[in-house]
Amino acid sequence: MAPTSILFLCVANSARSQMAEGLARQLFPGWRIQSAGSRPSQVNPYAIEVLAEQGIDATSRTSKSVQDIDPASVDLVITLCAEEVCPLFLGKIEKLHWPIPDPASDDPALTPEDLRTRFRIGREGLAAAWRR
């Protein structure tokens, strides 16, 4: 049976999982699509910007804790961490792992255009993962 409820997980729930949620909502209207993190922060403005380039409005999105997600509301968990430890989601739920590098960075040498490029690469990596 195909899942109709997906949870995307990463650490901060600010970039990868937010972009994955936005893309999945566009691909699967009517499904329950959620995202969360182990240390939620705030949605990165570059994530909002690169989703808008695809016609996805993420301006009202907020970062959420994995602790606030009801396991009964999830059929499939997709973790997105690449270089860090992803949050755990317990239960007998189907799980996939898509290792997408975190596009966010505190590197002062990166320009706004560098960050946009990193976020676009992340967005395209997520879109490509659906095609695998």
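Structure values in brief
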{"item": "Given charges at Cβ of Lys, Arg, Asp, Glu: the chain dipole, positive-most of 129, 12, 108", "result": "129"}
{"item": "Mean separation of Cα contacts under 8 Å (6+ apart) over length of the stretch 58-107, as relative contact order %", "result": "35 percent"}
{"item": "Mean ellipticity per residue at 222 nm, deg cm²/dmol - from DSSP H runs of n ≥ 4 across the chain, formula -39500 (n - 2.57)", "result": "-9500 deg cm²/dmol"}
{"item": "0 to 90° range, to nearest 10: angle between helix 16-27 axis and the chain longest Cα axis", "result": "70 degrees"}
{"item": "J(HN,Hα) series, the stretch 111-127, from Karplus relation 6.51 cos²θ - 1.76 cosθ + 1.60, nearest Hz, glycine and proline x", "result": "7, x, 5, 4, 5, 4, 4, 4, 5, 5, 4, x, 4, 5, x, 5, 4"}
{"item": "The stretch 1-115, relative contact order in percent, only Cα pairs under 8 angstrom and at least six apart counted", "result": "30 percent"}
{"item": "For the stretch 76-91 and the stretch 3-51, distance of Cα centres in Å", "result": "13 Å"}
{"item": "Free-standing Cys, the chain [no other Cys Cβ under 4.7 Å]", "result": "10"}
{"item": "Net charge, residue 13 excluded, C-beta distance under 11 Å - Lys, Arg +1, Asp, Glu -1", "result": "+2"}
{"item": "Per-peptide average of other Cβ atoms within 10 Å, ordering 11-22, 106-117, 59-70 highest first", "result": "11-22, 59-70, 106-117"}
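Read-outs throughout are calculated quantities, based only on the coordinates presented, and are distinct from any laboratory measurement. All of these numbers come straight from a predicted model, not from anything done at the bench. Please note: Cβ atoms are built from the backbone with ideal geometry, for glycine as well, and neighbour counts cover all protein chains shown.
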